[in-house]
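Below is one structure, written out as structure tokens; comments come after it.
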Amino acid sequence: TPTNNFATINPLTNISGLSGTISSITEGNLKLTSNGNTTLPTTIATPAGVGKWYWEATINTQQASSNWVWGIQRADVGRASYVSWTDTKNNGVFVNTNGSNNTYIYGSASTTTGWTVAANDVVGVAFDASTGNISYYKNGTLQVTLSAAANTSYPHYPAGSGYATSDVATWNFGQTAFSYTPPSGYKSLSTANLPAP
């Protein structure tokens, strides 16, 4: 509505700097068809150190032997600073599924418990900006929690993408009902839920 705007994928900011293009972003900038190695942030960032935020992505198409990254990206770093996937990892927190199953916390990689996603699965992300904790869910079941992973001094964009051409996922930041109930106290990323400037 005019008084409550929700986050969407930002097609103007391909921050990975790898392939430089995206196949398409449709359905109100919520449905992403990846072109390989494109990691895209949203139009609204979580405030630095404030709030508990939840969003989901539904896998529409899963390419064979593909993998995905899901996470958050520091909002204070300009697009010109991203010229490789290494730069992206150095400025955010990501979990890789289906591929290496690595966690990247500001460039420091470690192996998480392996979990995979397939077509029709729903990935939920719960980010506590006050503690830096970020939790990942698959179809409503907790997969992993990364404690104090994010730097609470900075705002962050939700970000992520598939890594194969024509991987497709539809994101939901609260524009419609979530597929699964968010954890207690977590809100959708919209202007109505942001703290007053």
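The values are calculated or read from the model by the stated rules, or taken from the named source; none is laboratory data. Predicted model, so just to flag it, every value in this text is computed and none were measured. With ligands, DNA and RNA removed, areas are computed over all heavy atoms of the protein, side chains included. Shrake-Rupley method; radii C 1.70, N 1.55, O 1.52, S 1.80 Å.
Some values worked out for this structure:
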quantity: Carbon and sulfur %, accessible surface of the chain computed with the full protein complex present, 1.4 Å; calculated: 49
quantity: Accessible solvent surface per residue of region 63-197, calculated while the other protein chains remain in place, 1.4 angstrom probe, Å²; calculated: 42
quantity: Hz values of 3J(HN,Hα) by residue in region 156-166 - Karplus curve (6.51, -1.76, 1.60), Gly and Pro given as x; calculated: 9, 9, x, 7, x, 5, x, 10, 10, 4, 6
quantity: Backbone HN-Hα couplings from phi across region 105-113 [Karplus 6.51/-1.76/1.60, Hz, Gly and Pro as x]; calculated: 10, 6, x, 8, 9, 8, 8, 9, 4
quantity: For region 147-189, the Rg and Dmax computed from alpha carbons only, in angstrom; calculated: 13.7, 36
quantity: Residue among Trp85, Trp55, Trp171 with the largest mean-square fluctuation in a Gaussian network model of the chain, springs linking Cα atoms under 10 Å; calculated: Trp85
quantity: Length gained when the stretch Ser81-Ser166 is fully extended (0.36 nm per residue, less Cα-Cα span); calculated: 28.0 nm
quantity: Amide H within-cut-off set for Asn60, under 5 Å, with H built and near neighbours excluded; calculated: Asn120, Val168, Ala169, Thr170
quantity: For the chain: span of alpha carbons on each principal axis (Å, largest first); calculated: 43, 35, 33
